[in-house]
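K.L.:
Dropping the structure in here first, questions after.
The values are calculated or read from the model by the stated rules, or taken from the named source; none is laboratory data. Keep in mind it's a predicted model, so treat the numbers as computed, not measured. We place every Cβ from the backbone using ideal geometry, glycine too, and count neighbours over all the protein chains shown.
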Amino acid sequence: MTRIMITLLTISTFLFTACEPTVDATSEESMKASIQKIKDTLPEDKKEEFGKAVLAVSFSDFSFAEMMAGTQDGDSLVKGAKEKLNGKTADEIFEMADDVRKKREKEEAEREAKRRTEQIEQAKADIAELEKAKQQSEAARSALANFEVKNSKFYMQRQRYGRDKPIIELEVLNNTSTPVSRAYFKGTYATPGRSIPWIEETFNHEISGGLEPGESAKWSLAPNMFSDWGSVEERDDAVFTVEVIKLDGPGGEALFEVTFDEDAAQRLKALKEIVGKLSTE
């Protein structure tokens, strides 16, 4: 009796399976017709999903890179689609489409992990470079402090004709151990209590004959009146401060230089936050 039941079950399963329509991919016409036949047997809520599944399986081998390289074309895609779909039932196509989806999700996850790793490594390299620049700039600031700006003044010199002329007056003292041929500065003209200065710009001065250790000098510099300096309005409530940011030696070589500024500090902070975020994802 048991053997008879098993036999009947096997026969019924075979008959049920044999009745399921399959894709006939012997030609494009038969493939199109058989796919439509399968679709007509499905519930309404499955028809659109089936169409997407057929497309997913058909284009599962598509590669944009291979297409651009000429190693893949439309004919090869059609041939591959026929081979994959031929003889398949709706359930098998749904299963194949699900496998394609899982494979793509895995590949995308791997690509994302690789991109994240590359981003972290690049950010770490940038952080190391900025940290080095920060350390060098701190050492440079310590050395540059020996080149003192004793007094600084900014004003607009009235002209009989044309626009007023910007003037920067400086009194400096070289307390470094090296002669200086050119000095570079950052000047800030700002009103105390205001967060944004009227101007914050760099300027430099080539020192005729240089400035030997222990020597002092007074300079009256005239920035280009058509630069930002020439557009500043002289104010009674503003203060002009000057920071030494670089010095050149007697041969024109850089002695000390501050390369780590506020922008670099903000970038260093942002990169550290990015690394922290990517590392926890």
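K.L.:
For residue 252, all conditions in the list (1) surrounded by 14 or more Cβ atoms within 10 Å (Cβ to Cβ); (2) at positive phi hold save one; what is the number of the exception?
P.N.:
The single condition residue 252 does not satisfy is (1).
K.L.:
In segment 160-190, what count of residues is obtained for those that are surrounded by fewer than 15 Cβ atoms within 10 Å (Cβ to Cβ) and closer than 15 Å to residue 231 by Cβ?
P.N.:
Final tally of qualifying residues: 2.
K.L.:
Then there is this: Among the residues of segment 62-70, is there at least one that is acidic (Asp, Glu) and surrounded by 11 or more Cβ atoms within 10 Å (Cβ to Cβ)?
P.N.:
Scanning segment 62-70 turns up at least one residue that is acidic (Asp, Glu) and surrounded by 11 or more Cβ atoms within 10 Å (Cβ to Cβ).
K.L.:
Mind listing just one residue for me: the one in segment 16-74 that is charged (D, E, K, R) and within 34 Å of the chain's Cα centre (by Cα) and, of those, farthest from residue 96 (Cα to Cα)?
P.N.:
66
K.L.:
A further question on this structure: Quick one: which residue in 62, 94, 50 is in contact with a Lys or Arg (Cβ under 7 Å, 6 or more places away or on another chain), touching a residue at least 12 places away in the same chain (Cβ under 8 Å) and of a type outside the set (Lys, Arg)?
P.N.:
Exactly one of 62, 94, 50 is in contact with a Lys or Arg (Cβ under 7 Å, 6 or more places away or on another chain), touching a residue at least 12 places away in the same chain (Cβ under 8 Å) and of a type outside the set (Lys, Arg), namely 50.
K.L.:
Moving on. Within 30 Å of residue 265 (Cα to Cα) and either modelled with pLDDT of 90 or more or assigned by TED's automatic domain parsing to the domain that holds residue 182 (or both): does that describe residue 145?
P.N.:
Criteria met by residue 145.
K.L.:
Can you pull out the residues in segment 260-279 that are at pLDDT 85 or above and of a type in the set (S, T, N, Q)?
P.N.:
The answer is 266, and nothing else.
K.L.:
Also, quick follow-up: Can you tell me how many residues in segment 154-169 are farther than 18 Å from residue 198 by Cα and within 44 Å of the chain's Cα centre (by Cα)?
P.N.:
1
K.L.:
Filter segment 71-82 for residues that are surrounded by 10 or more Cβ atoms within 10 Å (Cβ to Cβ) and either modelled with pLDDT under 75 or not hydrophobic (A, V, I, L, M, F, W, C) (or both) and give the result.
P.N.:
Listed by number, the residues that qualify are 71, 72, 73, 76, 79, 80, 82.
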